[in-house]
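Asker: Sharing a structure with you now.
Derivation of every value follows stated rules applied to the coordinates shown; laboratory data play no part. For clarity, every value in this text was computed on a predicted model and none was experimentally measured. Cβ coordinates were reconstructed from backbone atoms using ideal geometry, including for glycine residues, and neighbour counts include every protein chain displayed.
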Amino acid sequence: MQSWIPFIPESASTMSWKVDALYFYLSGVTVFFTLLISIILVFFVIRYRRRTPYEIPRPIAGSHKLETLWTVIPFVIAMTMFAWGARVYFEQYSPPENAIEIYVVGKQWMWKIQHSTGQREINELHIPVGRKVKLIMTSEDVIHDFFVPAFRMKADVVPGIYTSEWFEATKPGTYHLFCAEYCGMNHSGMIGSVIVMEPREFDNWLSGNAGNQTPAVAGQQLYQSLGCVSCHGANGEGGRGPTLAGLFGRQTLLSTGQTVRADEAYIRESIINPQAKLVAGFGPIMPTFQGQVSEDQLVQLLAFIKSLQIVSPQPATPGQSPATTTTAPTRATPAPNAK
Amino acid sequence: MSEHIVPVKVYLAIFVALLLGTALTVVAAFHDFPWQFNTVIALTIASFKATLVVLYFMHVRYSNRLVWVIVIAALFWMGILFALTFSDYFTRDWISIG
Amino acid sequence: MAESYTTTKHAEGHPALQHHFENMEQQREAGTLGMWVFLVTEIMFFGGMFLAYTLYRSKYPAAFASASNHLDITLGAANTGVLILSSFTMALAVYGTQVGKRKLQLFCLALTIVLGLTFLGIKAVEYKDKYVDSLIPGTLIPGHPFSPAVQVPGESFDEHKLHLLPGATVKNVEMFYWIYFAMTGMHAVHMIIGVGLLSFLLFFSVKRRYGPEYHNPIEVTGLYWHFVDIVWIFLFPLLYLLGRHLEHGG
Amino acid sequence: MRAIETFEPPAPSKVNYLNAEYGLKSWLLTRDHKRIALLYLGSITFFFFIGGIYAMMIRLELLTPEGDLLQSTTYNKVFTQHGIIMIFFFLIPSIPATLGNFLVPMMIGAKDLAFPRINLLSWYIYIAGALVTIYALLAGGVDTGWTFYAPFSTTFSNSYVVATGLGIFINGFSSILTGLNFIVTIHTMRAPGMTWFRLPLFIWAMYATSLIFVLGTPVIAITILLMAFERLAHVGIFDPALGGDPVLFQHLFWFYSHPAVYIMVLPSMGVVSELIANFSRKNIFGYKFVAFSSLAIAVFGFLVWGHHMFVSSQSVYAGMIFSFLSFAVAIPSAIKVFNWTATLYKSSISYDTPMLYGLGFICLFTIGGMTGLFLAALAVDVHLTDTYFVVAHFHYIMVGGALMGYLGGLHYWWPKITGRMYPEAWGRFAALIVFVGFNLTFMPQFVAGYMGMPRRYHAYPPEFQVFNVLSTAGASILGFGMLIPAIYLVWSMRYGKRADANPWNLPGLEWRTQSPPPTENFETTPVVTWEAYEFAPPEEIEVIGRLRGEFENV
């Protein structure tokens, strides 16, 4: 898997060339200075070799001008590298709006992936070309890292919190997926592929693999079976517990008087440690669900609560293809049909 | 490093000040101040007490520059540890993953 | 401190002068500087724990306040007083040695040891109380897990029960107690070492080793002792006091 | 050019520190810094070869893409133990505890370090830590990586994490005591006339290193201790299942472990300053800049640890702060490289073995340092971190930098330490082999890294094989190159040509006493009246170019 430039891996995302460009700049500066120093060294070593055993060269005073010169020039060059790197980094780690959301759960030693349309995969990720894709990731055990060299993108997958990374593939193909944070015995086996498809093929793939519940639907079932309904209401309208419909992404007033944005981290914390951030006006009556719901199920509950946000007619988010949104089959989850 | 002998009176005064500081911080702890002032007050009193111990009991006030540099360096490095670690934790929410 | 020696003084011939030093002044300087540098490492050592404390206190304020309120403030304050007094007697011991008041030196060294042991005794009582209330975190004591009784709202006050403030969970209270035991335990280890050093000094003071010409060991041990005192000066408010007002306010 | 004036050699004496006393007890209870240095030298050499064997196992396994030679569990232990042994038991003590211990008192004109008993204690602590670690390795080994990331280390690993952690914890105190001893010695025990700006640059480097020892090591000690307790007693600080934060572990770990990189390379920079000046018979260009850049590196080194955590879920803004500071720390290193190069201008360069290592250091350190910029540049680091690029980069610093300096220094001071010369021809040959083998080993790893090969993989996709074959071939040459000095240095201790007091004709204090030195280093306390690297009298100083009026006093 190589690009036409030697020693550069295939470029397959909108971010690749930006990283490569900076890499070329850095390489150029490195080669220039290494050659400069080496050539001067070799020249001096030959030119000023010791000719007679007892000779003593004249001592030379240092020079403030020279010192200033070779302090300021490297500093200026370093700052261009910093600014350039920071700019692209900010882009890499700022999740875009309107991206396809895909949930990733890492565990020793596999990647479990849930599309918001219900498809589940293990160690494979199918995505369409030319669409922004955002991964929301967490781990069941140790720290992992979702690394796709062709996209020049990686992010740690940390237990206990959600992290995210995003990319927009530019070229159909099959690319390496590596775990890049050492995670124990079979770390080097925690690999897989990212399969980038043309949009039409991707739609085919989606419909060919339809039949699974969407995470939101699975979350809804959990919501019922875990008894959340009794306090939060069947549709999240609230009751003894706070309202969930439309909660996601909103500022929420807490009993301490502070406000907090109801994001993934907040919802996750409120399920496994409900007393931590109580909504104003509600007592500490909710039991903890720590240990009772897996990371997969947490992701499903999260997806369900997010879906409650959409009260008005659903916007046509392409992630949810018509085949899966209109009817929400409530049969039990079959064995994962992805490899 | 010429040696300086601190008079007993000074030690006694510092000792009394430290006891008063302790009493004050306990009393202040039960009082409900607005915002985070309970923490601020407790830490200010503790820092004041520590400063007295360092300056008088540990003779830093009468010591040479090197000792001052060492004390300040120690605080500075603690500062680095705290400031840069919390530069991470305090700015995490600035970009939400959602 | 002399930046460089203009003349090479010959050894003063004091029996305590080590062979590689030029004179007692240089030896004393080295000893004091060595202890200060060592205290810097100690600050950084405790610094790691203070960092963890700060992070989790800001992350779980309610749990930390609840746990803190369960600590015995009377014993904590008493111990603070004991330690301050011991610092005072330590300073006097150094003074006594410097000016050659031998009785003051011996008496204050002995008193400092007694006060150090008092501190450790009170600490032991506190630890025992925590053991009785099942507040020993994790499996630090195998077979005795962290399982405090929690006060139910409306129930009559029971000092052995944990009163949880809104937003606090038992799990995070457990983390407070681990930080509490780690920090006070590490502090107690330093106290024990300090008492050991002081006993050593007392033994040789009785044998008249230290006096106005040679008192560096007492001086640097004093620096160490005061440092341990300073650590406690911060531990006391951070562990015992912060969040007390919530107990009464709500 | 003028002819060298030969220093008056001290009256030869048959008694030196090596033969002043005999018997095992005279070594194990010695308080002589020179003997303690040799105790350290023996111990770290032992660990160097253990670590080297692990390195060869790693390279052999990676010759083929399949995980055929070692099982993954074995491989994970091998790379972990390679890292732990090489870093904590070889590189960190290497130059400070051997060359530093031997030379700090001699170069400043003192009879010993300020605290000889503490110095001996530090060696025993090192040995205690080493024994505990060896126990852990023999009992079953450890597989967490040398970074001990939580929660893998605290909860999930099934290996001897606590024992290994204890070994490192104990070993840390040996570093602290060495650093403390150096700081106090340099402050209080300089000979009359030895002012701060007359100190050899090696002393400045040791002073800067000691600062890091003293300020950084306690933090790793407490971190490892908390990690071990968490594993033993399920008391949570780092494991999210216990309410902890695994990223806090990374902050605390790298607060020490990034400056630790400078612990490894700063002493080498000090050695190289000595080599460059002395083997070109020239005062160092911009002495004060080189001296203060050591301190600057020690201080700035503490401000950049977060560049190991750009993808760790650390805040994007903290990442930018750390990136900025990381670029800033590159500047003092650049200043050093330029000054070393400028020193060679119009000098008289000899091609002795130590100088070859010194020149090799400059070249390799330049590459190592410049590739560090890739990892400080945020966006590129996102792609490169945890790949072989990182592996290549830090080996350029630690082997190409630290180890080259160590070998150069060892050869340079070998006649002083042992009173014997090493065989010069073999020395040059080995230096060449090491240089070639090293580049062949690690240069391909830069490419493999950018191509996307993750580190700590025991099996890898076949397209990376070509880089790994080159790398393994290079490692064989490098390994061979390391064996040659080991053999001829041992050989020379008995059969080498006898060295006189000042075999290189140098002005430094350590060359103004017999080889090997007497127990108290100098017959009488020296009085220093000359500047560092003063080969010619100061009135002959030439001011280069049209920079007249700008020069500083050397």
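Asker: For A:ASP156, A:ASP203, D:ASP112, A:ASP296, what's the fewest-to-most ordering of other Cβ within 10 Å of each Cβ? Before the final figure, lay out each step's value.
Answerer: On the way: A:ASP156 29, A:ASP203 15, D:ASP112 25, A:ASP296 19.
Taking fewest neighbouring Cβ atoms as first place, the list is A:ASP203, A:ASP296, D:ASP112, A:ASP156.
Asker: Among D:ALA191, A:GLN108, C:GLN105, whose Cα lies farthest out toward the positive end of the dipole of the protein assembly as shown, if unit charges sit on the beta carbon of Lys, Arg (+1) and Asp, Glu (-1)?
Answerer: The listed residue farthest towards the positive side: D:ALA191.
Asker: Here's something else I'd like to know. Note the angle between two axes, namely the Cα long axis of helix D:404-418 and the longest principal axis of the Cα atoms of chain D, as a number of degrees from 0 to 90, rounded to the nearest 10.
Answerer: 40 degrees
Asker: List the GluC sites (Glu not before Pro) in region A:91-121 that DSSP assigns to loop (not H, G, I, E or B) and whose Cβ has at most 10 other Cβ atoms within 10 Å. Which are they? Spell out each step's value before the answer.
Answerer: Details: sites: A:GLU91, A:GLU97, A:GLU101, A:GLU121; in loops: A:GLU97.
Sites meeting the loop and neighbour criteria: A:GLU97.
Asker: Compute the length gained on full extension between A:GLU237 and A:THR256: take 0.36 nm times their separation in residues and subtract their Cα-Cα distance, giving the result in nm to one decimal. It would help to have the intermediate numbers written out before the result.
Answerer: Numbers: separation 19, 0.36 × 19 = 6.84 nm, distance 2.30 nm.
Stretched fully, the A:GLU237-A:THR256 segment lengthens by 4.5 nm.
Asker: I need the chymotrypsin sites (Phe, Trp or Tyr not before Pro) found in region B:60-95, filtered to DSSP loop residues with at most 14 other beta carbons within 10 Å of theirs.
Answerer: Details: sites: B:TYR62, B:TRP68, B:PHE76, B:TRP77, B:PHE82, B:PHE86, B:TYR89, B:PHE90, B:TRP94; in loops: B:PHE90.
Here the sparse-neighbourhood loop sites are B:PHE90.
Asker: For the residues D:HIS33, D:HIS187, A:HIS232, what sequence is obtained by ranking on other C-beta atoms within 10 Å, fewest first? Please report the intermediate quantities before stating the final value.
Answerer: On the way: D:HIS33 26, D:HIS187 20, A:HIS232 23.
Neighbour counts put them in this order, fewest first: D:HIS187, A:HIS232, D:HIS33.
Asker: Okay, next question. Could you order the peptides C:35-44, A:80-89, D:356-365 from most to least packed, using the average number of other C-beta atoms within 10 Å per residue?
Answerer: Numbers: C:35-44: 22.4, A:80-89: 19.7, D:356-365: 25.3.
Taking the mean over residues of other Cβ atoms within 10 Å, the ranking is D:356-365, C:35-44, A:80-89.
Asker: How tilted is helix A:199-208 with respect to the longest principal axis of chain A? Cα atoms for both, answer in degrees (0 to 90, nearest 10).
Answerer: 40 degrees
Asker: Span-like helices, chain C: DSSP H, alpha-carbon axial extent 30 Å or more, mean Kyte-Doolittle -1.0 or greater, which ones? Let's see the in-between values first.
Answerer: On the way: long enough: C:24-59 (52 Å, 0.34); C:73-99 (39 Å, 1.29); C:102-132 (45 Å, 0.79); C:170-206 (52 Å, 1.37).
Result, helices passing both filters: C:24-59, C:73-99, C:102-132, C:170-206.
Asker: Just to confirm the number: angle between the C-alpha axis of helix A:295-307 and the first principal axis of chain A, 0 to 90 degrees, nearest 10?
Answerer: 70 degrees
Asker: Report the charge-dipole magnitude of chain D in Debye, nearest 20, computed about the Cα centre from +1 at each Lys and Arg Cβ and -1 at each Asp and Glu Cβ.
Answerer: Values: 29 positive and 29 negative charges, 181 e Å.
Roughly 880 debye for chain D.
Asker: At 27 angstrom or more along the helix axis (alpha-carbon based) and mean Kyte-Doolittle of -0.5 or higher, what helices does chain B contain? Whole DSSP H runs only.
Answerer: Qualifying helices, which must be both long enough and hydrophobic enough, are B:8-30, B:65-89.
Asker: How far apart, in nm, are two points set 7 Å out from the Cα along the Cα-to-Cβ line at B:LEU20 and at A:ARG51?
Answerer: Between B:LEU20 and A:ARG51, the label points sit 8.1 nm apart.
Asker: Exposed loop sites here are trypsin sites (Lys or Arg not before Pro) in DSSP loop states with at most 11 other C-beta atoms within 10 Å. What is the longest stretch of chain D lacking them?
Answerer: Working: sites that count: D:LYS14, D:ARG546, D:ARG548.
Within chain D, the longest run free of exposed trypsin sites (Lys or Arg not before Pro) spans D:15-545.
Asker: Do any chymotrypsin sites (Phe, Trp or Tyr not before Pro) in region D:232-279 lie in a DSSP loop with no more than 10 other beta carbon atoms within 10 Å, and if so, which? Walk me through the numbers before you get to the answer.
Answerer: Details: sites: D:PHE238, D:PHE249, D:PHE253, D:TRP254, D:PHE255, D:TYR256, D:TYR262, D:PHE279; in loops: D:PHE238.
Within region D:232-279, no chymotrypsin sites (Phe, Trp or Tyr not before Pro) qualify (loop, at most 10 other Cβ atoms within 10 Å).
Asker: A follow-up question, please. Tell me whether the protein assembly as shown comes out rounded, prolate or oblate; compute the Cα gyration tensor, take square roots of the eigenvalues as a ≥ b ≥ c, and use a/c under 1.5 as the rounded threshold.
Answerer: On the way: a/c = 2.19, a/b = 1.25, b/c = 1.76.
Note, shape of the protein assembly as shown comes out oblate.
Asker: Moving on to the next point. Quote the charge dipole size of region A:100-208 about the Cα centre in Debye, to the nearest 20; the model charges only the Cβ of Lys and Arg (+1) and of Asp and Glu (-1). Don't skip to the end; give the middle numbers.
Answerer: Details: 10 positive and 13 negative charges, 37 e Å.
Dipole magnitude for region A:100-208 comes out near 180 debye.
Asker: Determine the shape class of region C:14-124: with a ≥ b ≥ c the square roots of the Cα gyration tensor eigenvalues, call it rounded for a/c under 1.5, and otherwise prolate if a/b is greater than b/c, oblate otherwise. Write down the numbers at each step before the final one.
Answerer: Details: a/c = 4.34, a/b = 1.66, b/c = 2.62.
The shape class here is oblate.
Asker: Quick one: if the Förster radius is 60 Å, what FRET efficiency do C:HIS160 and D:SER26 give, using the C-beta to C-beta distance and rounding to 0.05?
Answerer: On the way: r = 62 Å, r/R0 = 1.03.
Between C:HIS160 and D:SER26 the formula returns 0.45.
Asker: Related question: Taking only DSSP H segments of four or more residues, each worth -39500 (n - 2.57), what value at 222 nm results for the protein assembly as shown once the sum is divided by all its residues, to the nearest 500 deg cm²/dmol?
Answerer: Working: 34 runs with 674 residues, N = 1241.
The helix-only estimate for the protein assembly as shown comes to -18500 deg cm²/dmol at 222 nm.
Asker: Using +1 at the C-beta of Lys and Arg and -1 at the C-beta of Asp and Glu, which of D:TYR124, D:LEU325, D:THR524 has the Cα lying farthest in the positive direction of the dipole of region D:24-532?
Answerer: In region D:24-532, that residue is D:THR524.
Asker: Further question on the same structure: Given +1 on the Cβ of Lys and Arg, -1 on the Cβ of Asp and Glu, and no further charges, what dipole in debye does region A:215-319 carry about its Cα centre, rounded to the nearest 20?
Answerer: Details: 6 positive and 6 negative charges, 47 e Å.
Taking the Cα centre of region A:215-319 as origin, the dipole is about 220 debye.
Asker: Dipole of chain D (Lys/Arg Cβ +1, Asp/Glu Cβ -1, origin at the Cα centre): which of D:ILE297, D:HIS458, D:PHE49 lies farthest to the positive side?
Answerer: Working it through, the farthest residue towards the positive pole turns out to be D:PHE49.
Asker: Which of rounded, prolate, oblate describes region C:24-249, given a ≥ b ≥ c as roots of the alpha-carbon gyration tensor eigenvalues and a/c under 1.5 marking rounded, otherwise prolate only if a/b is larger than b/c? Let's see the in-between values first.
Answerer: Details: a/c = 2.83, a/b = 2.30, b/c = 1.23.
Prolate, because a/c is 1.5 or more and a/b exceeds b/c.
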